[in-house]
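Asker: The structure that follows is given in the form of structure tokens.
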Amino acid sequence: MKCALCENKICYEGKDCTKIKDNVISEYLGKENKKIMETASKIEAKGYMKLTRLEELIMFCKEMNFKKVGIAFCIGLEEEAKILHKILEKNFDVYSVCCKVCGIDKEKFGLKKIKEARHEVMCDPIGQATILNDCKTDLNIIFGLCIGHDILFSKYSNAPVTTLLVKDRVLAHNPAGVFNKYYRSKLKTE
């Protein structure tokens, strides 16, 4: 599949260019998947071009009847994570875990340091997931985890995972900024 390069997008008109449609439909009929899709569709229809991602997240959690929400955040976004925690705890039991949670030295695994001459603690996405699993969260939110760390967190999380903030230090956590025509010229994609 190379849908991004397709000029027709016949799928948008209801046509199927795959052989997996029946298998996919059967997966959506599962109780949890069906409820997630119904809730997502309801929020999209109700809040289209009206709600922020945060507002959609809160509405989604309420509609899904989630009680416990976890936040796995980057220490570089601790102020923003504190604000998010306080906003969410108006409606939910919130558990937040910093990326440096177990204080594991990078040297333990021979990991590359940002500055070789200093002591550096590694990010611990497996620890973050383990702690939130122990809290029995209904949904976990990735809030600015580094690339790779977000992957490990998602892999080890027992609860479904959504991303509210993506780490991009260069573009103020707005990775979509790379697609503007000025930055694209730097990447030579045209």
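Asker: Which distance in Å, rounded to a whole number, links the C-alpha centroids of segment 117-162 and segment 1-72?
Answerer: 23 Å
Asker: Ok, one more. Of all DSSP beta bridges located in the chain, what percent are antiparallel, nearest 5? Walk me through the intermediate numbers first.
Answerer: On the way: 1 of 16 bridges.
Antiparallel: roughly 5 percent of the beta bridges in the chain.
Asker: Fewest first, what order do C6, C135 take by the number of other Cβ atoms within 10 Å?
Answerer: Values: C6 11, C135 17.
Fewest-to-most ranking of C6, C135: C6, C135.
Asker: Right, here's the next one. Enumerate the amide H contacts of I104 below 5 Å, restricted to partners 5 or more residues apart or on another chain; note that Pro and chain-start residues carry no placed amide H.
Answerer: Sorted by chain and number, the residues that satisfy this are M122.
Asker: So how strong a dipole does segment 66-187 carry about its Cα centre when Lys and Arg Cβ are +1 and Asp and Glu Cβ are -1, to the nearest 20 debye?
Answerer: Values: 19 positive and 14 negative charges, 88 e Å.
In total the dipole reaches around 420 debye.
Asker: Taking segment 31-109, which GluC sites (Glu not before Pro) meet the DSSP loop condition and have no more than 15 other C-beta atoms within 10 Å? Write out the running numbers ahead of the final one.
Answerer: Working: sites: E32, E38, E44, E55, E56, E63, E78, E79, E80, E89, E107; in loops: E89.
Answer in residue order: E89.
Asker: While we're here: For K9, list the aspartates and glutamates whose Cα falls under 20 Å from its own Cα; do not include residues on the same chain fewer than 8 positions away.
Answerer: Filter leaves D22.
Asker: Can you list the chymotrypsin sites (Phe, Trp or Tyr not before Pro) in segment 41-126 that are in a DSSP coil and have 13 or fewer other beta carbons within 10 angstrom?
Answerer: Working: sites: Y48, F60, F66, F73, F92, Y95, F109; in loops: Y48, F66, F92.
Answer in residue order: Y48.
Asker: Continuing with the same structure: Would you kindly calculate the translational diffusion coefficient of the chain, applying Stokes-Einstein with the Kirkwood radius from alpha carbon pairs, for 37 °C and a viscosity of 0.692 mPa s, and quote it in µm² s⁻¹ without decimals? Walk me through the numbers before you get to the answer.
Answerer: Values: Rh = 19.3 Å.
Estimated via Stokes-Einstein, D reaches 170 µm²/s.
Asker: Helix-only estimate, please: 222 nm mean residue ellipticity of the chain, summing -39500 (n - 2.57) across DSSP H runs of length 4 or more and dividing by its residues, to the nearest 500.
Answerer: Computed ellipticity for the chain at 222 nm equals -11000 deg cm²/dmol.
Asker: Set the bar at 22 Å for Cα to Cα. Now go through K86/K115; K35/K136; K108/K136; K42/K82 and name every pair that lies beyond it. Don't jump to the answer; show the numbers that get you there.
Answerer: Values: K86/K115 34 Å; K35/K136 20 Å; K108/K136 29 Å; K42/K82 29 Å.
Cα-Cα > 22 Å for K86/K115; K108/K136; K42/K82; rest within.
Asker: Tell me, what HN-Hα J-couplings in whole Hz come from the Karplus equation 6.51 cos²θ - 1.76 cosθ + 1.60 at θ = phi - 60° for each residue of segment 101-106, using x for Gly and Pro?
Answerer: Running phi through 6.51 cos²θ - 1.76 cosθ + 1.60 with θ = phi - 60° gives 3, 8, x, 7, 5, 4 Hz.
Asker: Still on this structure, please answer the following. Counting alpha carbon pairs within less than 8 Å and at least 6 residues apart, what relative contact order, in whole percent, applies to segment 1-95?
Answerer: Relative contact order, segment 1-95: 19 percent.
Asker: Related question: Within the chain, which is the longest segment that contains none of the trypsin sites (Lys or Arg not before Pro) sitting in a DSSP loop with at most 15 other Cβ atoms within 10 Å? Mind showing how you got there, number by number?
Answerer: Values: sites that count: K2, K9, K15, K19, K50, K67, K90, K112, K113, K115, R118, K136, R169, K188.
For trypsin sites (Lys or Arg not before Pro) (loop position, at most 15 other Cβ atoms within 10 Å), the longest site-free span of the chain is 137-168.
Every read-out reported here was derived from the displayed coordinates using simple, explicitly stated rules and does not represent laboratory data. Note that the structure is predicted; figures quoted are calculated from it, not measured. Every residue, glycine among them, receives a Cβ derived from its backbone with ideal geometry; neighbour counts consider all protein chains shown.
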